[in-house]
1. Using 0.36 nm times the number of residues separating residue B:133 and residue B:260, minus their current alpha carbon distance, what extension gain do you get?
2. Could you work out how far the C-alpha centroid of the range A:54-90 sits from that of the range A:237-280, in angstrom?
3. Can you report the principal axis dimensions of the range B:1-110 using only the alpha carbons, biggest first, rounded to whole angstrom?
4. Let me confirm one metric for peptide C:103-115, namely the mean number of other chain beta-carbon atoms within 10 Å of its residues' beta-carbons.
5. Kirkwood hydrodynamic radius, computed over distinct alpha-carbon pairs, for the range A:1-44: how many Å, to one decimal?
6. Specify the inter-centroid distance of the range A:170-217 and the range B:308-351, based on alpha-carbon positions, in whole Å.
7. What percent does the relative contact order of chain A come to when contacts are Cα pairs within less than 8 Å and at least six residues apart?
8. How would you order B:72-78, B:163-169 from highest to lowest mean count of nearby Cβ atoms within 10 Å?
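Throughout, read-outs are computed from the coordinates displayed, never taken from laboratory work. Quick caveat: nothing in here was measured; it's all calculated off a predicted structure. Positions of Cβ are backbone-derived with ideal geometry, glycine not excepted, and every protein chain shown enters the neighbour counts.
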């Protein structure tokens, strides 16, 4: 794939009560467009968003953002795939360029999750799971991850404290990232003592509720002047996305499949860093194990030993702080990950910079893997 | 009654797990123990936050159908007797019928006559079975009884359900030999439409209501059948508290031995439509073939039924096909007034 | 008159949720719940309805404190993954007086309970929830 990143922009992930969808989108998009040298001829705007209808009573967000960003007339698409909307939108944006339908695409991920009190947000977030199985109940957004955590602990003999190293690592990375919502360090032993949300998970095992926007300007080879990164490939797969339908819920079928498709496409299986989907501590563990970067049952141990820390044997996991500490503005998150990966391989990440980073993997998924996306970002 | 008789093919009960001690109610509302000791009730069963008459009736009915050993589709009438319907308009009977696989070719409706609605349903089913209109019918008595917080009624208003599958005499665990009903317009206890709690006449609920109607119904039955108290092994009455059923029984000539097995209120309070009927289920859990049972439910408003029921050989095999009343009585956990208030929604909450 | 809970959405699903009616694939034999339009395992469209047993073993569970809107009265909400033999289901658990009794392998049975209530005047969604088994018999249609 010959798709190049010319500019990126991000807002801090935060409870931006004073900024709505279009304001946040503009903040990120204008930065990305300016960095790309204000190119004329943006052919498409592709917007990643999941909750605009539920939070802001807005349909066709892409259509309305076009005029709002001064791009009236541009071709617009709004892409939704739950928590994976960002990378799903990137997949569409990249294929528009790859197919020759577009030379320049403005990819914008934007999300508001704070328009209502948290109880309503939990009801909205529960929608990332299968509606027929979950919506008649009140399981909330963390119950599946909690049950998976219990299964992981029982199957592999891993205790609660070993799982606490991941959140601590995320916070440690995020404290350097000016765009992160939770930019403060925590010690592992604080995790199990934090507020219980769904036992054995605590508030520190999951992402904070925050709004945000990230944008990336993508160009075809011919249209790019000073690209900062290249998106070599994006692959995806759907899966059962269900703890009860999976024969082995401790492997996320769609992540494994999407990664397998990407590796066969690119022939690449070693990375300097991975920006992965750690909606919960357990999802991070299962993603690492599903792509084979950690053997089954060993991810937590490896995290605790520092294998994935910036100074570890690598690959470096979530130098941005991940969903846990940088934040997870649901539909926008995949675009944040892409922007961060691009900055890493360009040597320009304002937080923890992975030394000599040339190749990064980006993984995003919805729920427990109903839909998973994997992208390879490389330096130019 | 005609020559074709009906009988009980299956019986079932349900009691929620939660128990609220009388002392807890007294603590909150400032009652002196002597003011409630006379009720002869220790604690009352209360439905949890995710329960209502429909969910309780469902479980009692499931137990009854299992004991009846019939397929749900064979049931052609479902009567749901209650005074605590979750919907004032929309039958609870169809929800339970659908959830149990009884629908669609069935009669179904919710009946109201305070605590005897289900009993009226039982009498109606015996007629429908005897006439051949249906082969099997299901009657459910289920209530999450309400009381004005702070009223003496609060001590005894409890939650529970009982259900019976009525069918032809052949194969029945107990035959309904005969029955009688005695009703008058007597406003001893009522709940106005739209009001959350009932009002009652205190002492007026006794002689002019409870005692008069039960005694009249039982005497009418004795006259029709020529039966006397000594012909019965068990006598089960509506039980608003632990004292009334013993008094009315003894007034009618029954002994404590005949009365005690059918008592449930001292342990769980007054479950309204499931009051006498749960006592009946409890007796069927241990009655022997050949035992004769007097069953006399009462409902305010007011009226009473009296049944003469003969237990058959078929009862033994059916007993263990579902949990017994004793098993539900033993399954309990004490809660406090706050849990009860939240669970029964007597706290004002913006939803 | 604003309704939060849809009428037809629940109504057309009631057979599934009242009776745990699943689907069995005639091609590969696997069972899944709730029923889809094709087998999620082998892709075949040749499915037939099958009612799941109402008894099974607890595989995993959690106690939820971060409860969604409209469910505060049920908090904390217990959720369980239950193996019914033919397939597994995830439901809320009920009658949990003592959460320490929840352990992998214990017998659970399904009972009908309220799950969602649309404020004061709207619909009540009744569902099957599982509780520690006391021997309530299964009555198959």
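1. The span from residue B:133 to residue B:260 would gain 42.1 nm if fully extended.
2. 26
3. 53, 34, 23
4. So the per-residue partner count for this stretch is 4.
5. 11.8 Å is the Kirkwood radius here.
6. If you average the Cα positions of each part, the centres end up 46 Å apart.
7. For chain A, the relative contact order is 26 percent.
8. My ranking of the peptides, most packed first, is B:163-169, B:72-78.
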